[in-house]
Amino acid sequence: MDVYDRIEQARARIAERLTLTPRVGLILGSGLGALADALEQAVVVPYRDIPGFQQPKVAGHRGELAMGRLGGQPVAVLRGRFHFYEGYTMQEVTFPVRVLRALGCDTLIVTNAAGGLRPDWQVGDMMRISDQIFLPGMAGHHPLIGPNDERLGPRFPAMVGAFDDELAALARVVAAEQGTPLREGVYCMVAGPSFESAAELRLLRALGADAVGMSTAPEVIVARHGGMRVLGLSLITNLALPDGPPANHEEVLAAGEQARPRFAALIQGVLARMT
Ligand code: HPA
């Protein structure tokens, strides 16, 4: 079965349970999954019931697709994502994005936990992703390698302007209204799972990255390949500085927990105003 048929199979299984057509897909990163609790009229489908979906194994990541209304919008929320460092291929990592697209989502909001590379930033800061550096992709671990199915998107999709300007403007307005500072910057994806060495952090900074994490970039590529608008938001869960203390997963989860209400309010505010 080719990937198009596998997407269709997953879509059909989910559609059996659907009571609305989702318009916005959301991917919730480490420690941020609880936002899905705010869904109204929620229908929840465990990943194990969806053909082609894997089972997340990382603490802080659940495995379910929740659909309902958030900020008045029909949304489909991936609660738990798959990481390259878990051993999944880039195609497996991004399969759920294909399914969101097939379900009817034309917009994707991706969130993640990231290390801040700038010494003047703080734990708990929120950053809108203005652009990305996909290091594993540039090195050959790219979700679009292989035959291209034109029904899913073009052979050579452009990535300049991948992050939608209108959604960016909306996020800025909503953040300002809520009194939440919103930083903007370049997100760099590394494969992980080790945190970066001091020399690697200096390298990333020299490349022009403002935040570093182990997800998101392949999902953004596949969303753009499928013609979705993308808004990316990072929560700075730790400072990743060459002369700072080493990062650890516990602080990443704790920062996610603390920032959850602000993060949730921003996303709900954006959804409520989205046209
Ligand atoms: N490095 C890589 N990934 C991360 C970090 C980090 O410091 N923090 C959260 N995800």
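A short reminder: the numbers here are calculations on the coordinates, not readings from a lab. What you see is a predicted model, and the numbers here were worked out from it, not measured in a lab. So basically every Cβ, Gly included, is an ideal-geometry build from the backbone, and we count neighbours across all protein chains shown.
For this structure, a couple of remarks:
- Computed about its Cα centre, the charge dipole of the chain is approximately 440 debye, with only Lys, Arg, Asp and Glu carrying charge at their Cβ.
- The C-alpha atoms of the chain occupy a region whose extents along the principal axes are 52, 42, 33 Å, arranged from largest to smallest.
- Built amide H within the under 5 Å cut-off of Ile133, gap 5+: Tyr187, Cys188, Met189
- Between the listed residues Leu207, Pro246, Gly179, the Cα displaced farthest toward the positive end of the dipole of the range 160-258, a dipole computed from Cβ unit charges relative to the Cα centre, is found at Leu207.
- Of the peptides 42-48, 224-230, the ranking by mean beta-carbon count within 10 Å, highest at the top, reads 224-230, 42-48.
- Global form of the range 51-178, assessed from the alpha-carbon gyration tensor, a/c cut-off 1.5: rounded
- Phe163 sits among other residues whose Cβ lies under 12 Å from its own Cβ, and their net charge, with Lys and Arg +1 and Asp and Glu -1, is -2.
- Most fluctuating residue given options Ala139, Ala217, Ala15, as computed from a GNM of the chain linking Cα atoms under 10 Å: Ala139
- Relative contact order (%) - criterion: Cα under 8 Å, at least six apart; region: the chain: 26
- The chain: most fluctuating residue of Leu135, Leu235, Leu32 per GNM, C-alpha cutoff 10 Å: Leu135
- The modelled label-to-label distance for the pair Thr89/Glu8, using points 7 Å beyond Cα in the direction of Cβ, is 2.0 nm.
- Here the spin labels are modelled as points 7 Å beyond Cα on the Cα-Cβ line, and at Glu150 and Ala199 they lie 4.8 nm apart.
- Placing unit charges on each Cβ (+1 for Lys and Arg, -1 for Asp and Glu) gives the chain a dipole about its Cα centre, and among Ser197, Trp121, Cys105 the Cα reaching farthest toward its positive end belongs to Cys105.
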